Amino acid sequence: MEKQPTFPIKKTELQILREEASSFIKSIHWEQGYKARSRDGNKEQEDILLYLSKVKGSDNGNAVSISKTILSLKKRLLPDSVALPLALNETLFNLQEAIAIGLWIRDSYYDASGLSILHEKRAGLSTEQRKEYESKQQTATAFMVFSLAYYVVSKLKEKASEDNTVMHNKFAGIPEVSLISPTKGISCQLFYYDKYLNHPNLINSEQDVIDFTVMYFETYLDEIVQRKGALDYTDVITDRTYQLEGSEFSIAGWETVFTGNATSVEFNPIRFEQIVGNKDAKHFAKRLVERLMSYDMTTKRNPFQELGGFMPVFMGYGIPGTGKSMLIAAIATMLKERCDHLNIPFLFHPMPDTVVSTFQGGSAEKMVQWMKPMQDPSRLIFAPIDDAENNLQERTAQGVSAGVKEVIGVFLRYTEGAYAVNHGNSSIGLFTNLPEQLDKAVISRIQGRFKIDGARTEHDFLDQDYIWWSKIEKTVPGFVGMKNHPNYQYLSDQALAKNAGEILGQLDRPSEEKIATIYNQVLTKDSLDSHTFYSSLYGAVQKEFPFFSSRDIRNIQSAISLRLTDFNLPEDWFENPELYFLKDYDTKLGMLKELMTENMKGLNFADIRKQEVIRYLDNVATIADTDFSRKVEQQITQIKIAAEARNRFEKRNVTDMKNR
């Protein structure tokens, strides 16, 4: 999927449209088309619809004023208040901004679709041109009122009540939708909104205003989405994204995804001490938790991002059965417990198995729905993708479906570029048995990677057995009755490492043959303490592996930054949140800088740089060569099978000849 262009909705341009938007707030004229009826015969809804169809706005025809309605609500709900209540003020402000955005979308569609030219010449249009003009007018109107409603819901949805049953029971739906022209469309949309607000039995509190506003405009979104199939000339709607300047709000076609909709998926709690081996993976996971927990809810920033120690996308890889699913659950468990302790909202948001759809465009829509909640700055988010090779497979491989390509296209857009909004509160984890089968562009987005290799030592295997048989021993004491290891204390080797250096040890030379050859050749021409050594090394690696790019170098730099921030947060900070987590952002940043400076005293930059470069390049070569080696081994197996089949066939022939 090609990257869609993003067009900014500039604030300076919105400022020009705000006067026109204000005019709609002050006065709307609309002539009702018909008397609507409730579909399900609900008496309360029938009464409201009857009210909507009978009541007139004023002596000046069917005119209403939303600003006057809001003031009258204020007098009715809070007669002693001088100022406009917050809920009413916020609703009115966001509605006016939404109208301005809707008008901007109208103008943008006019220019992009050629409707502006038709509008100028509308008096002398031919029959065909007149049809095109009317059709484009309808599409412009639909997209305008859709964008208006989308902005209102996006801004107010999180403030709406979770249980809105009473309001839903009263709400009788949208009596009428007009797409004849932008002016008529917005007038119709706002007219019935005002009429509902004026109904004496609908609004009984400030919160009701927000609840009804969200419900009304959500219903309007549904109405437009149902009609989109009948609209023509929609290419300039679906082939681009509009991003509000200085904001996370964007309009991407007819998508209606809201960050507040996602809810945490349940998982089985797992402790890190229950995972045997995997020292590198557990250490990385612990660091991930600490970095996410440092996110500042007030400023919507993470000090670790400023220090270069945060990883929005990471990968854990290893053969089947080494503990990938357990690691996912362990990360989620630690995050959930610590978020609960600090009263921070947490979202465990794994990618669903059904994200790839058989319908054209369906996979992209599902992937957007999954990615959007990660732009929500109001909570911490852990988003694992288990068996990542299934949905993020190399696009050039034979037989890869169009759905997988759509999923990858959305993933790439939302992890780098205009869509990639990350405040330091969310992290996507790719977990896979087959990293070599992942799409190369996806791999290039990965900023942290670690191996999940399971139990590797005699003590690991002892501990894995101990976790199992100790449960039997607890149930039936004395039943196991076997000798223990003479001098090993169970689970003592499973403690979390203090730092990555403790795990890596001395990494002096690459282990992959191709990288080692390149490394040694460059080393004969330059020394490790020279910056030019690395520029020469990267150039030589790129010649051998053409997909190696500047993004890989940035990933290496991120890995080095992670090592420089590879320090434990003091445990008493978690036990007493006021010592760190409840501090303001600048104080937290200063405290982390002190820890980082202290941590650096025992480190050597040149050694860390060398280790992380070797580690990354070895991984590049491993992923590049494994797929080829796998195919070679499969071919060898087939040759062996064929040879053995010929051998057995010949023996049978000899036996048959003797029997004759």
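Coordinate-derived values only; no laboratory data. Remember, it's a predicted structure, so these values are computed and weren't measured experimentally. Because the Cβ atoms are built from the backbone with ideal geometry, glycine has one as well, and the counts that use them run over all protein chains shown.
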*For LYS474, list the lysines whose Cα falls under 26 Å from its own Cα; do not include residues on the same chain fewer than 8 positions away.*
LYS483
*Built amide H within the under 5 Å cut-off of GLY454, gap 5+*: ASN278
*May I ask for the net charge around ALA420, where only other residues with Cβ less than 10 Å from the Cβ of ALA420 are counted and Lys, Arg are +1 while Asp, Glu are -1?*
+1
*asked:* Tell me the angle of helix 550-564 to the major Cα principal axis of the chain, expressed in degrees between 0 and 90 and rounded to the nearest ten.
replied: 70
*Taking Cα atoms, how many degrees apart are the long axis of helix 182-198 and the longest axis of the chain, rounded to 10 and kept between 0 and 90?*
80
_Identified option (computed Rg and Dmax of the Cα atoms in Å; candidates [x] 26.5, 96; [y] 28.6, 90; [z] 31.3, 115)_ = [z]
_Taking 0.36 nm per residue of sequence separation and subtracting the Cα-Cα distance, how much length would be gained by fully extending the chain between ASP493 and THR626, in nm to one decimal?_
44.8 nm
*Using modelled backbone amide H atoms (1.01 Å from N, in-plane), which distant-in-sequence or interchain residues come within less than 5 Å of SER426's amide H?*
ILE381
_Could you work out how much longer the chain between LYS525 and GLU255 gets when fully extended? Use 0.36 nm per residue separation minus the Cα distance between them, nm to one decimal._
91.6 nm
*Could you order peptides 342-348, 651-657 by the average number of other Cβ atoms within 10 Å of their residues, highest first?*
342-348, 651-657
_Calculated FRET value between ALA397 and ASN89, using beta carbons and R₀ = 56 Å, to 0.05_ = 0.50
*Specify whether the C-alpha gyration tensor of the range 471-585 places it in the rounded, prolate or oblate class, a ≥ b ≥ c being the square roots of the eigenvalues: rounded for a/c under 1.5, otherwise prolate if a/b is larger than b/c and oblate if not.*
oblate
*Quick one: what are the phi-derived ³J(HN,Hα) couplings along the range 378-395, Karplus 6.51/-1.76/1.60 with θ = phi - 60°, whole Hz, x for glycine and proline?*
9, 7, 8, 10, 10, 10, x, 10, 7, 6, 4, 5, 6, 10, 10, 5, 3, 5
*Over 31 Å between Cα atoms, which of LYS10/LYS583; LYS10/LYS75; LYS279/LYS405; LYS279/LYS471; LYS121/LYS184 qualify?*
LYS10/LYS583; LYS10/LYS75; LYS279/LYS405
